[in-house]
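What follows is calculated from the coordinates using simple rules that are stated; it is not laboratory data. Since the structure is predicted, the reported quantities are computational estimates derived from the model, not experimental observations. All Cβ positions, even for glycine, are placed from backbone atoms using ideal geometry, and neighbour counts span all protein chains on display.
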Amino acid sequence: MRDILFNLIISLLSGIFMCLIVLPLVALFTTTSWSELAGQFKSPLIVSAVIISFQTSLAVLLAALVFGLPVAYLLAMKNFPGKEILDTLIDLPICMPPLVAGLGLLILLGGESKFGVFLNSRGVDLIFSKPGIVMAQLFVAGPFLIKSSRQAFEAVNKNVTQASRCLGASEFHTFRKVLLPLARNGIYAGMIMTWARALGEFGATSMVAGCIPGRTETMTQAIFGYAMSGEMGSSIAIALLLIVFSFTSLLVFKSRIRKQLPGA
Amino acid sequence: MNIVLRQISKSFHGRPVLENLDLKVAPGEFHVLLGPSGGGKTTMVSVIAGLTKPDSGSVLINDRDVSLLPPGKRKIGLVFQDCAIFPHLDVFDNIAYGLRVRKQGEANIRQKLKYYLEKTGLEKEKHKFPHQLSGGQKQRTALLRTLVTEPEVLLLDEPMSSLDILTREQISAELVNIQRKTGLTTIYVTHNQAEAFSLGDRISVLHNGKIEQIETPEELFYHPKTEFVARFVGINNILKAKVAATSRREAVMEITNEGLSQSFKLKVKNYPVFKKGEAINLCLHPEKINLSKKNAAIDGGLNRICGKIIKRTNHGNTFKVTVDIRGLALHAVIPKFLFNFQVYEEVWVVFAPDALHPLCGRRCRAPEFSRKCHNDLLTY
């Protein structure tokens, strides 16, 4: 009897939470028609926002792989002084409000810091530019890849990597041939989370790159901008596109994981 | 290839795991590291393999100091307790891994592996992934993966601990066969004393980061140096004694163990270390004890003490019997066909003077005539 009651409560609470996720999505999908949607995507500003978002989020993904995987490897496989501090610093952007991150980047890259002055003197201006968007998104989304990859590296049986070393493989060979293949699911998960977070990033991007339509306006900024100016049709169209992309990529990832060999 | 460890020390978080450890393993020797869990065995192997950096000391392989070399440059082969075969590679690719690292040609690898796979009965399994293999097949794969790289030294870290007894015996036999044929210097880690005695040319007993004794299996069993070694190899009868009298061949010992309601005397073969009035620990082998219903004088030289059976456990073809003698628990291993007693029955515990020996290892080995005497008594 108690078990039935317990299961009922669990189901009820889960149902309430699922409603919180599903109902706003249903609201979005039911307030527009396919023909209206198709019409919205003819607008060059919306197309530009979509393109900028995909360009910058994919650049973020690439940069996170290049710079984030080594950090994840260091944290997972090595012991060094200050490891705890580095680990906490990596977590900080996840907890920090994106606006704060944006403010920090704005000061660093703008003309008010020595670094900003140094960049400007060499003709590099990251403020109100696509590279600025990438930096802002990388700051906010990069830690997701690092955390997920680190956990995946740590989950690989240490004896397996040590066996590779004893068989004569270098550390790099072991990383490439043993660690990466065995940690790939965790890395893929981190990639998806990083990409999705970068795609949906708003606060830091707005601070660093502004919302210049056709130049630095991303999809999330366009959603906000159109909604604030009363153009709900355009706002909904971009929002639906974001949802479809996020849902599809997560679905593809999950089905891929299911196809993996057990133990691999 | 010989292996020499000089003054190896290693601590983890301030807790010493290995302390000034010295060891010499002769070329072609099958050396067993025996000890309880947490004794430092795996750390020691890890230090030899180069996977753990010692705090101090050096490792020499074939008189070459390899202390600063990475694992791959030490020419060692290491087989792990959990096999550690690569889960994303099939049997063939697992075994070929080391050869590919050494950039041996693919044709050469195929030819070499064909020979080994056929020889070990893994040919049919070569395209299977680790999760599709049995425990024995996994261990064979791990062993083969190591052996095909032709290491100079083979290290095995409790490789049989997760296998059933039949597979363990089968793989042990294969391993000994390979080791004898190749003359590969081998260090084998185990906590199983039966495995250590059956495999090792010599055994090192490791306890709390220190080697308590290094001996051949025979010497270790019959001449343990310390109480720990004696108990670990299965001799639980440790008697605290005081030398009451000595003659040329025999000594009389007064047993004074804690918990004894009344001390008693025993005749023991005389050892050079016995000095009248001095205290010494004696070890009484359980398999050298006989039980008798009557206090009959079978042989004038035998010790006879009255006690009561308090426990009997079944060990296949033998019983392990615990007899209470005035508050002292003595353990005896009696063949089943000789056991016709009941628990709580009073019995006479009978053993020869040379069933006891002092705990001081080889240096106080029994004189030759005593051991001959002991052999005669065993036929009794």
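Legend: residue pairs A:LYS83/B:LYS138; A:LYS177/B:LYS128; B:LYS24/B:LYS242; B:LYS24/B:LYS320; B:LYS41/B:LYS114, Cα-Cα distance threshold 26 Å; pairs beyond threshold, A:LYS83/B:LYS138; B:LYS24/B:LYS242; B:LYS24/B:LYS320; B:LYS41/B:LYS114.
Taking the longest Cα principal axis of chain B as reference, the axis of helix B:368-378 is set at about 80 degrees. Per the Debye calculation on chain B with a single equal scatterer at every Cα and no solvent contribution, log₁₀ I(q)/I(0) for q = 0.07, 0.08, 0.09 Å⁻¹ amounts to -0.42, -0.53, -0.65.
Among the residues of B:100-109, the average count of other protein chain beta-carbon atoms within 10 Å of the residue beta-carbon is 2. Mean partner shielding of peptide B:80-86, defined as the number of other chain Cβ atoms within 10 Å of each residue Cβ, is 6. The calculated pair-distance distribution of the protein assembly as shown uses every alpha carbon pair, bins of 10 angstrom beginning at 0, and gives 3, 12, 16, 15, 14, 13, 11, 6, 5, 3, 1, 0 percent. If R0 equals 60 Å, the separation of the Cβ atoms of B:GLU106 and A:VAL117 corresponds to a calculated FRET efficiency of about 0.55. Just name one of A:GLY214, B:SER46, B:ASN270: the one whose Cα is farthest towards the positive end of the charge dipole of the protein assembly as shown (beta-carbon charges, Lys/Arg +1, Asp/Glu -1). Selected residue: B:ASN270.
With the convex hull drawn around the C-alpha atoms of region B:3-227, the volume per residue stands at 128 Å³.
Counted by neighbouring Cβ atoms within 10 Å, the residues B:THR149, B:THR256 run from fewest to most as B:THR256, B:THR149. Between the Cα long axis of helix B:106-120 and the first principal axis of chain B there is an angle of about 30°, rounded to the nearest 10. Determine which residues of region B:208-235 fall in the zone a paramagnetic label at B:LYS24 would reach in this model, i.e. backbone nitrogen under 17 Å from the point 7 Å along Cα→Cβ. In region B:208-235, the label zone of B:LYS24 (backbone N under 17 Å from the point 7 Å along Cα→Cβ) covers B:211, B:213-216. Across region B:300-330, the residues whose backbone nitrogen lies under 18 Å from the label position 7 Å along the beta-carbon direction of B:TYR344 are B:307-313, B:322-327.
Whats the longest run of chain A with zero GluC sites (Glu not before Pro) that are DSSP loop and have at most 16 other Cβ atoms within 10 Å? Write out the running numbers ahead of the final one.
Working: sites that count: A:GLU112, A:GLU231.
In short, A:113-230.
In the structure shown, the pairs B:LYS10/B:LYS126; B:LYS103/B:LYS124; A:LYS78/A:LYS114; B:LYS53/B:LYS112 are assessed against 28 Å; a Cα-Cα span above that value is assigned to B:LYS10/B:LYS126; A:LYS78/A:LYS114; B:LYS53/B:LYS112.
Going from the residue with the fewest nearby Cβ atoms within 10 Å to the one with the most, B:SER67, A:SER53, B:SER56, A:SER121 rank A:SER121, B:SER56, B:SER67, A:SER53.
Placing unit charges on the Cβ atoms of the charged side chains and taking the dipole of region A:34-259 about its Cα centre, the candidate lying farthest along the positive direction among A:GLN151, A:LEU62, A:ALA38 is A:GLN151. Across peptide B:49-55, the mean count of Cβ atoms from other chains lying within 10 Å of each residue's own Cβ comes to 2. Remark: chain B carries a charge dipole of roughly 320 debye about the Cα centre, counting +1 on each Lys and Arg Cβ and -1 on each Asp and Glu Cβ. At an R0 of 60 angstrom, the distance between the Cβ atoms of B:LYS114 and A:LEU37 translates into a FRET efficiency of 0.45. Using only Cα coordinates, the Kirkwood hydrodynamic radius of chain A works out to 21.0 Å.
Summing Cβ point charges (Lys, Arg +1; Asp, Glu -1) relative to the Cα centre of the protein assembly as shown gives a dipole of roughly 1540 debye. Scaling the Cα radius of gyration of region A:1-61 by the globular reference 2.2 N^0.38 Å produces a ratio of 1.93. Report, ordered by chain and residue number, the lysines lying within cross-link reach of B:LYS293, taken as a straight Cα distance under 17 Å and ignoring same-chain residues fewer than 8 apart. Of all the lysines, those that pass the test against B:LYS293 - Cα under 17 Å, at least 8 places apart if same chain - are B:LYS308, B:LYS311, B:LYS336.
As I understand it, the value is the acute angle between the Cα axis of helix B:91-101 and the longest principal axis of the Cα atoms of chain B; what does it come to in degrees, rounded to 10? Once rounded, the angle reads 70 degrees.
With the simple spin-label model, which puts each label point 7 Å out from Cα in the Cβ direction, the A:SER246 to A:LEU92 separation comes to 2.7 nm. Computed on the Cα trace of region B:61-152, the radius of gyration divided by the Kirkwood hydrodynamic radius gives Rg/Rh = 1.00.
Applying D = kT/(6 pi eta Rh) to region A:139-232, where Rh is the Kirkwood radius over alpha-carbon pairs, T corresponds to 10 °C and eta to 1.306 mPa s, the Stokes-Einstein value obtained is 100 µm²/s. Taking the Cα centre of region B:142-239 as origin and assigning +1 to Lys and Arg Cβ atoms and -1 to Asp and Glu Cβ atoms, the resulting dipole is close to 60 debye.
Cβ-to-Cβ counts within 10 Å put B:PHE129, A:PHE253 in ascending order as A:PHE253, B:PHE129, the fewest first.
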